[in-house]
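Notes to accompany the following structure.
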Amino acid sequence: LILHLFFLQINLRLILVSGKTKEFLFSPNDSAADIAKHVYDNWPMDWEEEQVSSPNILRLIYQGRFLHGNVTLGALKLPFGKTTVMHLVARETLPEPNSQGQRNREKTGESNCCVIL
């Protein structure tokens, strides 16, 4: 039965910006918000320098995209019994799905580049 439960779980390897990693097991029904809360409540000791003030600012990035809070692992069709890598970052807000800001910058010719002399 224990072995059977393992195969119904999804192993996530979460990577911080600092490069530190930790693996956690989750159910396919767990959402991005559930994962953020679980990680916050079980913050690894060796991540102490990166400790955040609230689970609400933790964001998951999978395949280059921010996962919104209600997206479940099952909806992403992640494989059971294999390790899936996601990045975990502290960020207050998420970009809009249809990056309006990017389009507006292109129209005005505005740029976020800088020159270092």
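Annotation for the stretch 1-93: GluC sites (Glu not before Pro) lying in DSSP loop with at most 12 further Cβ atoms inside 10 Å of their Cβ are GLU92.
Mind checking the stretch 1-95 for trypsin sites (Lys or Arg not before Pro) that DSSP puts in a loop (not H, G, I, E or B) and that have at most 13 other Cβ atoms within 10 Å? Within the stretch 1-95, the qualifying trypsin sites (Lys or Arg not before Pro) (loop, at most 13 other Cβ atoms within 10 Å) are LYS77, LYS82, ARG91.
Placing unit charges on each Cβ (+1 for Lys and Arg, -1 for Asp and Glu) gives the stretch 1-90 a dipole about its Cα centre, and among ILE57, LEU12, ALA75 the Cα reaching farthest toward its positive end belongs to ALA75. Counted over all Cα-Cα pairs of the stretch 1-90, pairs farther apart than 21 Å make up 25 percent. Carbon-plus-sulfur accessible fraction, the stretch 1-90 (probe radius 1.4 Å, protein heavy atoms only): 57%. Remark: the stretch 39-53, residue by residue, has Karplus-estimated 3J(HN,Hα) of 5, 4, 5, 10, 4, x, 4, 7, 9, 3, 5, 9, 3, 9, 7 Hz, where x stands for each Gly or Pro and the curve is 6.51 cos²θ - 1.76 cosθ + 1.60 at θ = phi - 60°. With all protein chains kept in place, the per residue accessible area of the stretch 1-90 amounts to 61 square angstrom at a probe of 1.4 angstrom. Database remark: amide H of LYS22 closer than 5 angstrom to the amide H of LEU14 (H placed geometrically; neighbours at sequence offset of 5 or more, or on other chains; Pro and chain starts carry no H). For the stretch 1-90, the relative contact order works out to 42 percent when only alpha carbon pairs closer than 8 Å and six or more residues apart are counted.
The values are calculated or read from the model by the stated rules, or taken from the named source; none is laboratory data. Here the structure is a predicted model, which means the values were calculated and not measured. Every residue, glycine among them, receives a Cβ derived from its backbone with ideal geometry; neighbour counts consider all protein chains shown. For accessibility, only protein heavy atoms count, side chains too; no ligands or nucleic acids. Shrake-Rupley method; radii C 1.70, N 1.55, O 1.52, S 1.80 Å.
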